1. Of the residues in the stretch 106-127, how many are of a type in the set (S, T, N, Q) and assigned to a loop (DSSP other than H, G, I, E, B)?
2. Can you tell which of 27, 48 is surrounded by fewer than 15 Cβ atoms within 10 Å (Cβ to Cβ), modelled with pLDDT of 95 or more and on the phi < 0 side of the Ramachandran plot?
3. Does residue 159 meet the test of being out of contact with any Pro (no Cβ under 6 Å at 6 or more places or on another chain), closer than 28 Å to residue 89 by Cβ, of a type in the set (A, V, I, L, M) and surrounded by 14 or more Cβ atoms within 10 Å (Cβ to Cβ)?
4. Of the residues in the stretch 50-98, how many are farther than 30 Å from residue 24 by Cα and touching a strand residue (DSSP E or B) at 6+ places or on another chain (Cβ under 9 Å)?
5. Being at pLDDT below 95 and assigned to a helix (DSSP H, G or I) is true for just one of 63, 16. Which residue is that?
6. With (1) touching a Lys or Arg at 6+ places or on another chain (Cβ under 6 Å); (2) free of Cβ contacts under 8 Å to residues at least 24 places away in the same chain; (3) not β-branched (Val, Ile, Thr) as the list, and residue 157 as the residue in question, which single condition is left unmet?
7. Which condition does residue 133 not pass, out of (1) exposed (fewer than 15 other Cβ atoms within 10 Å of the Cβ); (2) touching a Phe, Trp or Tyr at 6+ places or on another chain (Cβ under 8 Å); (3) among the charged types (D, E, K, R), if it passes all the others?
8. Which condition number does residue 109 fail, the rest of (1) within 29 Å of residue 20 (Cα to Cα); (2) surrounded by 14 or more Cβ atoms within 10 Å (Cβ to Cβ); (3) in contact (Cβ under 8 Å) with a residue 24 or more places away in the chain being met?
Amino acid sequence: MDIRYFLERRLAFIEQYYTAASVPFLERKRKIEAGEEPFVPPCSEDGEPPYLKEWLEADESLQILGQTCISMLSASLHLYFTTWQHHLSVPVAESLKPTFTKSGWFNGYKRYFSSHFNVNFENSGCNLQLLEELVLARNRVQHPMSITSSSTNYSDDDLKKLPSPFFVSEREFELMVDTDDGERRWLVPPKIIVNAKNLLAAISEIRRFSEWLEVTEH
């Protein structure tokens, strides 16, 4: 079974799905910002920007789309590992199960491949923190903490693991402050922001990792 072939089919679908589905929301935002039909600014002395509600709805829709793709991407990576485990016919040892429970399935499979096959993920040269953060971000957006907002923030515990989270906007980085000990910390936990740039970068990193693992396993 060509496991990477089926992973690639999923990655390609997610990539084209985001690209196609984001077009109407991006176009609506562009038209509002440019004042094009049907969003020509009315003659008004109201201090609120015209069509702000419509712009915010389009922006929120883009974030929900990105969150959906992050969930699909995380599920695809998980299926990739579970399919490999089935293909190799080696169950997870009892001694490794606490890692899956406490540190998540990505770190669990990291130990699984290391313990059973002497395959060290660190040798891949890939951004393993990004792959782990992908799972963390998926868990956050799938289990929101508040009914009052569709946006999702990293938690303080997340930021202890991720001093420089990947799925944030440039504006969020402006909220970091320098501390007396020379470190940089967040004034408030940043929102998880999924855009075309970081989503495609995550897809590319999964591709790189799977290519490395396939060569290593063979």
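The values are calculated or read from the model by the stated rules, or taken from the named source; none is laboratory data. No experiment lies behind these values; they were computed from the predicted model shown. Cβ sites come from the backbone with ideal geometry, for glycine too, and all protein chains shown count toward neighbours.
1. Matching residues across the stretch 106-127 total 3.
2. Values: 48 fails: modelled with pLDDT of 95 or more.
Answer to the check: 27.
3. Values: out of contact with any Pro (no Cβ under 6 Å at 6 or more places or on another chain): yes; closer than 28 Å to residue 89 by Cβ: no; of a type in the set (A, V, I, L, M): yes; surrounded by 14 or more Cβ atoms within 10 Å (Cβ to Cβ): yes.
Taking the combined requirement at face value, the residue does not satisfy it.
4. The total comes to 0.
5. Just a single option satisfies the conditions, and that option is 63.
6. In the conditions (1) touching a Lys or Arg at 6+ places or on another chain (Cβ under 6 Å); (2) free of Cβ contacts under 8 Å to residues at least 24 places away in the same chain; (3) not β-branched (Val, Ile, Thr), residue 157 misses (1) alone.
7. Failed condition: (1).
8. Failed condition: (1).
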